[in-house]
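Worksheet: the structure to be examined is printed underneath.
The values are calculated or read from the model by the stated rules, or taken from the named source; none is laboratory data. This structure is a prediction, so every number in the text was calculated from the model and none was measured. SASA here: full protein model, heavy atoms, side chains in, ligands and nucleic acids out. Shrake-Rupley method; radii C 1.70, N 1.55, O 1.52, S 1.80 Å.
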Amino acid sequence: MKDHKDLKAAIKGKKILLFGPPGSGKGNRSRDLEALGLVHVSSGIALRTTINDNLETMQAKRASDFMKRGELVPDDIVVPVVLDYLDREECWKKGFVLDGFPRTKIQSDILDAHIDLDLVLYLDVPGNFLITGIIEGNRRGCSECGAGYSDFDPPKVEGICDKCAGKITRRADDKTTTIKNRLKLYKKQTRSFLPDLEVKGIVRVLPIIVNTDEEIENKYLKKLKDKIYWVETDLGKKVRMLNLAGMKERLYRLLAEYFL
Ligand code: AMP
(Lines give C-alpha, C1' and ligand atoms only; values in the text may rest on other atoms or scores of the structure.)
Protein backbone atom coordinates (compact mmCIF):
# COMPACT_ATOMS: atom_id res chain seq x y z
CA MET A 1 0.00 0.00 0.00
CA LYS A 2 1.26 3.50 -0.90
CA ASP A 3 2.14 5.70 2.11
CA HIS A 4 1.81 9.05 0.23
CA LYS A 5 4.71 10.49 2.28
CA ASP A 6 5.37 13.48 0.00
CA LEU A 7 1.68 14.33 -0.28
CA LYS A 8 1.21 14.16 3.50
CA ALA A 9 4.15 16.54 4.02
CA ALA A 10 2.86 18.91 1.34
CA ILE A 11 -0.67 19.23 2.72
CA LYS A 12 0.30 19.50 6.41
CA GLY A 13 -1.25 22.71 7.84
CA LYS A 14 -3.41 23.32 4.74
CA LYS A 15 -6.98 24.56 4.99
CA ILE A 16 -9.25 22.75 2.56
CA LEU A 17 -12.96 23.28 2.04
CA LEU A 18 -15.24 20.63 0.55
CA PHE A 19 -18.05 22.10 -1.50
CA GLY A 20 -20.92 20.07 -2.92
CA PRO A 21 -24.59 19.14 -2.51
CA PRO A 22 -25.90 16.64 0.06
CA GLY A 23 -24.98 13.13 -1.03
CA SER A 24 -21.97 14.22 -3.12
CA GLY A 25 -19.54 12.30 -0.92
CA LYS A 26 -18.18 15.05 1.33
CA GLY A 27 -18.01 12.65 4.28
CA ASN A 28 -15.99 10.06 2.39
CA ARG A 29 -13.65 12.63 0.81
CA SER A 30 -13.13 14.07 4.31
CA ARG A 31 -11.97 10.66 5.48
CA ASP A 32 -9.58 10.37 2.50
CA LEU A 33 -8.12 13.74 3.55
CA GLU A 34 -8.01 12.71 7.22
CA ALA A 35 -5.91 9.72 6.13
CA LEU A 36 -3.36 12.27 4.89
CA GLY A 37 -3.20 13.94 8.32
CA LEU A 38 -5.80 16.72 8.16
CA VAL A 39 -8.39 17.24 10.91
CA HIS A 40 -11.98 16.67 9.76
CA VAL A 41 -14.27 19.51 10.78
CA SER A 42 -17.90 18.71 9.92
CA SER A 43 -20.52 21.28 10.88
CA GLY A 44 -23.20 18.54 10.93
CA ILE A 45 -21.19 16.38 13.35
CA ALA A 46 -20.16 19.44 15.43
CA LEU A 47 -23.84 20.45 15.72
CA ARG A 48 -24.99 16.93 16.61
CA THR A 49 -22.25 16.70 19.31
CA THR A 50 -23.11 20.13 20.73
CA ILE A 51 -26.82 19.19 20.86
CA ASN A 52 -26.09 15.88 22.64
CA ASP A 53 -23.84 17.64 25.17
CA ASN A 54 -26.47 20.32 25.94
CA LEU A 55 -29.74 18.43 25.44
CA GLU A 56 -31.85 20.41 27.88
CA THR A 57 -30.93 23.91 26.67
CA MET A 58 -33.26 25.97 24.46
CA GLN A 59 -30.43 26.47 21.97
CA ALA A 60 -29.97 22.68 21.53
CA LYS A 61 -33.73 22.13 21.15
CA ARG A 62 -33.92 24.91 18.54
CA ALA A 63 -30.98 23.50 16.56
CA SER A 64 -32.35 19.97 16.74
CA ASP A 65 -35.76 21.07 15.35
CA PHE A 66 -34.12 22.67 12.30
CA MET A 67 -31.95 19.61 11.67
CA LYS A 68 -34.88 17.17 11.88
CA ARG A 69 -36.67 19.14 9.16
CA GLY A 70 -33.55 19.28 6.97
CA GLU A 71 -33.48 23.07 7.32
CA LEU A 72 -30.46 25.23 7.95
CA VAL A 73 -29.66 25.86 11.60
CA PRO A 74 -29.59 29.65 12.20
CA ASP A 75 -26.21 31.37 11.84
CA ASP A 76 -26.15 32.56 15.48
CA ILE A 77 -25.95 28.89 16.55
CA VAL A 78 -23.85 27.26 13.83
CA VAL A 79 -21.18 29.96 13.28
CA PRO A 80 -19.75 29.94 16.86
CA VAL A 81 -19.85 26.12 16.96
CA VAL A 82 -17.71 25.85 13.80
CA LEU A 83 -15.36 28.78 14.50
CA ASP A 84 -14.64 27.42 18.01
CA TYR A 85 -13.72 24.12 16.46
CA LEU A 86 -11.42 25.72 13.87
CA ASP A 87 -9.64 27.64 16.67
CA ARG A 88 -8.35 24.41 18.18
CA GLU A 89 -4.58 24.06 18.13
CA GLU A 90 -4.68 20.74 16.25
CA CYS A 91 -6.63 22.39 13.40
CA TRP A 92 -4.05 25.04 12.64
CA LYS A 93 -1.08 22.73 13.34
CA LYS A 94 -2.22 19.76 11.25
CA GLY A 95 -4.49 21.63 8.85
CA PHE A 96 -8.12 20.76 8.33
CA VAL A 97 -10.81 19.72 5.91
CA LEU A 98 -14.00 21.68 6.41
CA ASP A 99 -17.19 19.86 5.47
CA GLY A 100 -20.73 21.34 5.49
CA PHE A 101 -19.73 24.91 6.31
CA PRO A 102 -20.22 27.56 4.91
CA ARG A 103 -23.71 26.92 3.59
CA THR A 104 -24.87 30.55 3.26
CA LYS A 105 -23.31 33.72 1.87
CA ILE A 106 -23.19 35.19 5.41
CA GLN A 107 -21.33 32.12 6.71
CA SER A 108 -18.95 32.33 3.76
CA ASP A 109 -18.17 36.00 4.43
CA ILE A 110 -17.59 35.32 8.15
CA LEU A 111 -15.27 32.42 7.32
CA ASP A 112 -13.41 34.57 4.80
CA ALA A 113 -12.80 37.20 7.48
CA HIS A 114 -11.25 34.55 9.78
CA ILE A 115 -9.42 32.15 7.48
CA ASP A 116 -7.49 32.11 4.20
CA LEU A 117 -8.45 28.84 2.56
CA ASP A 118 -5.78 27.08 0.47
CA LEU A 119 -8.11 24.99 -1.68
CA VAL A 120 -11.82 24.51 -2.34
CA LEU A 121 -12.74 21.11 -3.77
CA TYR A 122 -15.98 21.20 -5.70
CA LEU A 123 -17.54 17.72 -5.73
CA ASP A 124 -19.30 17.48 -9.06
CA VAL A 125 -22.04 14.82 -9.00
CA PRO A 126 -24.90 14.53 -11.55
CA GLY A 127 -28.13 15.91 -10.04
CA ASN A 128 -29.90 12.67 -11.01
CA PHE A 129 -27.70 10.66 -8.72
CA LEU A 130 -28.06 12.72 -5.56
CA ILE A 131 -31.38 11.36 -4.32
CA THR A 132 -30.86 7.92 -5.93
CA GLY A 133 -27.52 7.64 -4.21
CA ILE A 134 -28.91 8.32 -0.76
CA ILE A 135 -32.32 6.59 -0.92
CA GLU A 136 -32.03 3.76 -3.48
CA GLY A 137 -28.40 3.24 -2.60
CA ASN A 138 -29.53 3.01 1.03
CA ARG A 139 -26.88 5.41 2.37
CA ARG A 140 -25.61 4.45 5.81
CA GLY A 141 -22.64 5.20 8.00
CA CYS A 142 -20.55 3.95 10.87
CA SER A 143 -21.81 5.22 14.22
CA GLU A 144 -18.25 5.15 15.60
CA CYS A 145 -15.91 6.60 12.93
CA GLY A 146 -18.47 8.02 10.49
CA ALA A 147 -17.23 6.02 7.44
CA GLY A 148 -19.90 6.08 4.72
CA TYR A 149 -21.42 3.08 2.90
CA SER A 150 -24.26 2.35 0.49
CA ASP A 151 -25.42 -0.53 -1.72
CA PHE A 152 -22.96 0.86 -4.29
CA ASP A 153 -20.09 0.65 -1.83
CA PRO A 154 -21.25 -1.89 0.80
CA PRO A 155 -19.15 -2.93 3.80
CA LYS A 156 -17.51 -6.37 3.62
CA VAL A 157 -19.83 -7.63 6.40
CA GLU A 158 -23.26 -5.96 6.50
CA GLY A 159 -23.82 -3.84 9.60
CA ILE A 160 -20.13 -3.75 10.63
CA CYS A 161 -17.66 -1.03 9.65
CA ASP A 162 -14.65 -2.26 7.57
CA LYS A 163 -12.39 0.32 9.19
CA CYS A 164 -13.17 0.20 12.93
CA ALA A 165 -15.73 -2.66 13.35
CA GLY A 166 -18.25 -0.05 14.63
CA LYS A 167 -22.02 -0.47 14.10
CA ILE A 168 -23.40 0.80 10.76
CA THR A 169 -26.67 2.74 11.00
CA ARG A 170 -28.87 4.95 8.79
CA ARG A 171 -29.06 8.71 9.40
CA ALA A 172 -32.39 9.78 10.96
CA ASP A 173 -32.64 12.75 8.52
CA ASP A 174 -32.12 10.61 5.36
CA LYS A 175 -35.74 10.63 4.19
CA THR A 176 -36.80 11.62 0.66
CA THR A 177 -38.65 14.76 1.77
CA THR A 178 -35.80 15.91 4.01
CA ILE A 179 -33.22 15.27 1.30
CA LYS A 180 -35.29 17.14 -1.28
CA ASN A 181 -35.44 20.02 1.18
CA ARG A 182 -31.67 19.92 1.73
CA LEU A 183 -31.08 19.89 -2.05
CA LYS A 184 -33.41 22.86 -2.59
CA LEU A 185 -31.58 24.82 0.09
CA TYR A 186 -28.23 23.91 -1.43
CA LYS A 187 -29.27 25.26 -4.84
CA LYS A 188 -30.77 28.44 -3.40
CA GLN A 189 -28.36 29.37 -0.62
CA THR A 190 -25.09 27.48 -1.03
CA ARG A 191 -24.37 27.03 -4.75
CA SER A 192 -24.96 30.77 -5.24
CA PHE A 193 -21.78 31.90 -3.45
CA LEU A 194 -19.42 29.46 -5.24
CA PRO A 195 -18.47 32.27 -7.72
CA ASP A 196 -17.10 34.31 -4.75
CA LEU A 197 -14.63 31.49 -4.08
CA GLU A 198 -13.89 30.94 -7.78
CA VAL A 199 -12.59 34.49 -8.23
CA LYS A 200 -9.90 33.70 -5.65
CA GLY A 201 -8.52 31.03 -8.03
CA ILE A 202 -8.61 28.30 -5.35
CA VAL A 203 -11.54 26.19 -6.61
CA ARG A 204 -10.79 22.84 -8.28
CA VAL A 205 -13.48 20.48 -9.61
CA LEU A 206 -13.44 16.82 -8.55
CA PRO A 207 -15.85 14.97 -10.87
CA ILE A 208 -17.36 11.60 -9.98
CA ILE A 209 -18.26 10.67 -13.56
CA VAL A 210 -16.11 8.66 -15.96
CA ASN A 211 -16.44 9.65 -19.60
CA THR A 212 -17.06 6.86 -22.12
CA ASP A 213 -13.67 7.43 -23.80
CA GLU A 214 -11.79 7.33 -20.49
CA GLU A 215 -9.75 4.20 -19.80
CA ILE A 216 -10.20 3.05 -16.24
CA GLU A 217 -9.59 -0.07 -14.18
CA ASN A 218 -12.76 -2.02 -13.41
CA LYS A 219 -12.00 -1.93 -9.66
CA TYR A 220 -12.53 1.85 -9.62
CA LEU A 221 -16.06 1.79 -11.12
CA LYS A 222 -19.31 2.12 -9.18
CA LYS A 223 -21.35 -1.09 -9.32
CA LEU A 224 -24.72 -2.22 -8.05
CA LYS A 225 -25.06 -5.97 -7.43
CA ASP A 226 -21.80 -6.48 -9.37
CA LYS A 227 -23.07 -4.70 -12.50
CA ILE A 228 -21.45 -1.46 -13.67
CA TYR A 229 -23.78 1.41 -12.81
CA TRP A 230 -24.65 4.05 -15.44
CA VAL A 231 -26.17 7.42 -14.67
CA GLU A 232 -27.66 10.12 -16.90
CA THR A 233 -25.92 13.47 -16.51
CA ASP A 234 -27.73 16.80 -16.38
CA LEU A 235 -26.96 17.08 -20.15
CA GLY A 236 -28.62 13.70 -20.87
CA LYS A 237 -25.40 11.70 -21.44
CA LYS A 238 -25.10 8.16 -20.01
CA VAL A 239 -21.89 7.79 -18.04
CA ARG A 240 -20.20 5.54 -15.52
CA MET A 241 -19.16 6.72 -12.05
CA LEU A 242 -16.23 6.22 -9.73
CA ASN A 243 -16.59 4.17 -6.54
CA LEU A 244 -14.94 5.02 -3.19
CA ALA A 245 -11.51 3.69 -4.23
CA GLY A 246 -11.73 5.47 -7.60
CA MET A 247 -12.63 8.79 -5.98
CA LYS A 248 -9.78 8.47 -3.48
CA GLU A 249 -7.32 7.85 -6.33
CA ARG A 250 -8.66 10.83 -8.31
CA LEU A 251 -8.58 13.08 -5.21
CA TYR A 252 -4.97 12.21 -4.34
CA ARG A 253 -3.90 12.84 -7.96
CA LEU A 254 -5.57 16.27 -7.90
CA LEU A 255 -3.93 17.14 -4.55
CA ALA A 256 -0.50 16.08 -5.83
CA GLU A 257 -0.90 18.29 -8.93
CA TYR A 258 -2.04 21.22 -6.78
CA PHE A 259 0.34 21.06 -3.83
CA LEU A 260 3.49 19.23 -5.02
P1 AMP B 1 -24.77 17.51 7.34
O2 AMP B 1 -24.31 16.44 8.29
O3 AMP B 1 -23.67 18.40 6.85
O4 AMP B 1 -25.64 17.00 6.23
O5 AMP B 1 -25.72 18.47 8.21
C6 AMP B 1 -26.86 17.97 8.84
C7 AMP B 1 -27.78 19.13 9.21
O8 AMP B 1 -27.08 20.02 10.10
C9 AMP B 1 -28.21 20.01 8.05
O10 AMP B 1 -29.32 19.47 7.36
C11 AMP B 1 -28.53 21.31 8.78
O12 AMP B 1 -29.77 21.21 9.46
C13 AMP B 1 -27.44 21.36 9.83
N14 AMP B 1 -26.22 22.07 9.35
C15 AMP B 1 -25.00 21.55 9.09
N16 AMP B 1 -24.14 22.47 8.66
C17 AMP B 1 -24.84 23.65 8.66
C18 AMP B 1 -24.52 24.98 8.28
N19 AMP B 1 -23.31 25.29 7.81
N20 AMP B 1 -25.49 25.92 8.40
C21 AMP B 1 -26.72 25.62 8.86
N22 AMP B 1 -27.10 24.38 9.20
C23 AMP B 1 -26.17 23.38 9.11
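General observations
- Convex hull of segment 1-117 built on C-alpha atoms - directionally averaged projected area, nm²: 8.0 nm²
- Taking amide H positions as modeled 1.01 Å from N, with prolines and chain starts lacking one, the residues under 5 Å from residue 124 and 5 or more places away or on another chain are 206, 208.
- Average Cα contact separation per residue, segment 169-260, under 8 Å, 6 or more apart, as relative contact order %: 23 percent
- Taking every C-alpha pair closer than 8 Å and separated by at least 6 residues, the mean separation divided by the residue count of segment 1-136 gives a relative contact order of 44 percent.
- Residues of segment 99-191: accessible area per residue with a 1.4 Å probe, Å²: 51 Å²
- Calculated diffusion of segment 116-260, Stokes-Einstein form, Kirkwood radius summed over Cα pairs, 10 °C and 1.306 mPa s, µm²/s: 93 µm²/s
- Across 175/238; 14/61; 163/237; 14/68; 8/225; 2/188, pairs whose alpha-carbon gap is larger than 31 Å: 14/61; 163/237; 14/68; 8/225; 2/188
- Cα-based Kirkwood hydrodynamic radius, the chain, one decimal, Å: 19.1 Å
- Per residue, the chain reaches -11000 deg cm²/dmol at 222 nm when only DSSP H runs of four or more residues are counted, each adding -39500 (n - 2.57).
- Per-residue extension of 0.36 nm, minus the Cα-Cα distance of residue 237 and residue 116, leaves a gain of 39.8 nm for this segment.
- Remark: relative contact order (the chain) = 24 percent; criterion is Cα-Cα distance under 8 angstrom and separation of 6 or more residues.
- Taking the accessible area of segment 1-145, probe 1.4 Å, and keeping the other protein chains in place, the carbon and sulfur fraction comes to 50%.
- Taking each residue as 0.36 nm, the span from residue 226 to residue 176 lengthens on full extension beyond its C-alpha to C-alpha distance by 15.4 nm.
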